[in-house]
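K.L.:
First, the structure itself, so that you have it in front of you.
Read-outs throughout are calculated quantities, based only on the coordinates presented, and are distinct from any laboratory measurement. The structure presented is a predicted model; accordingly, all values stated were derived computationally and were not measured. Every residue, glycine as well, gets a Cβ built from its backbone with ideal geometry; the counts of neighbours run over all protein chains shown.
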Ligand SMILES: [Zn+2]
């Protein structure tokens, strides 16, 4: 098992609940192994209800609270809310600069985010978050002449050497989450406003889905990633 003590990890999630869904077991595991993990939540999820009696502001406030509860389950103490409107982020400024700011502030060894390149059906926020996070890692956070005003604020360039993408069509890295599957479920079910099935039914469904990857690492359940190594 790799040594995660004091490893700095930046998790960049499009919506509250996506990181848990794709990588909650891994986040809980790395956190328990001593990694220093910051969660950046890009949108506030304010379109995430079909209840016509609930306003955007109300669902956003609910989801913020749910995200904070979930972060506790995952062992995280640092959650950054960028607070973009759901379905409201675009590939470009100012979103890219915000992610560069987070990378240069937290200076991660590993960035964990969503794979932007789903072939057919994909949520635009998922595509934009994954794409812009990768662009922010390389080259924008790295380059001295990109965003010189951030350097004036003390945010020096930073090279991230590893990226893990969840929700990928092309996984090549599998992480045993047997000891943290329950954390994943508990964290996901903190997002009660987004859960359409009971916890018991959801647990069976999610276990089935992630048990497909278990045999890759001699585990019952595993999470799957595309891992990218960047040159130092
Ligand atoms: Zn999402």
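K.L.:
What's the FRET efficiency of residue 8 with residue 52 using the Cβ-Cβ distance as r and R₀ = 35 Å, to the nearest 0.05?
P.N.:
0.25
K.L.:
While we're on this one: Just order 202-213, 47-58 by mean Cβ neighbour count inside 10 Å, highest at the front, would you?
P.N.:
Ranking the peptides 202-213, 47-58 by packing returns 202-213, 47-58.
K.L.:
Using the per-residue mean of other Cβ atoms lying within 10 Å as a proxy for protection, in what order, highest first, do the peptides 19-26, 169-176, 86-93, 181-188 fall?
P.N.:
Sorting 19-26, 169-176, 86-93, 181-188 by mean packing, highest first, produces 19-26, 181-188, 169-176, 86-93.
K.L.:
Over the chain, what is the relative contact order in whole percent, taking alpha-carbon pairs under 8 Å and six or more residues apart?
P.N.:
25
K.L.:
Using a ≥ b ≥ c from the Cα gyration tensor of the chain (square roots of the eigenvalues), is it rounded, prolate or oblate, where a/c under 1.5 gives rounded and otherwise the larger of a/b and b/c decides, a/b for prolate?
P.N.:
Here the chain falls in the oblate category.
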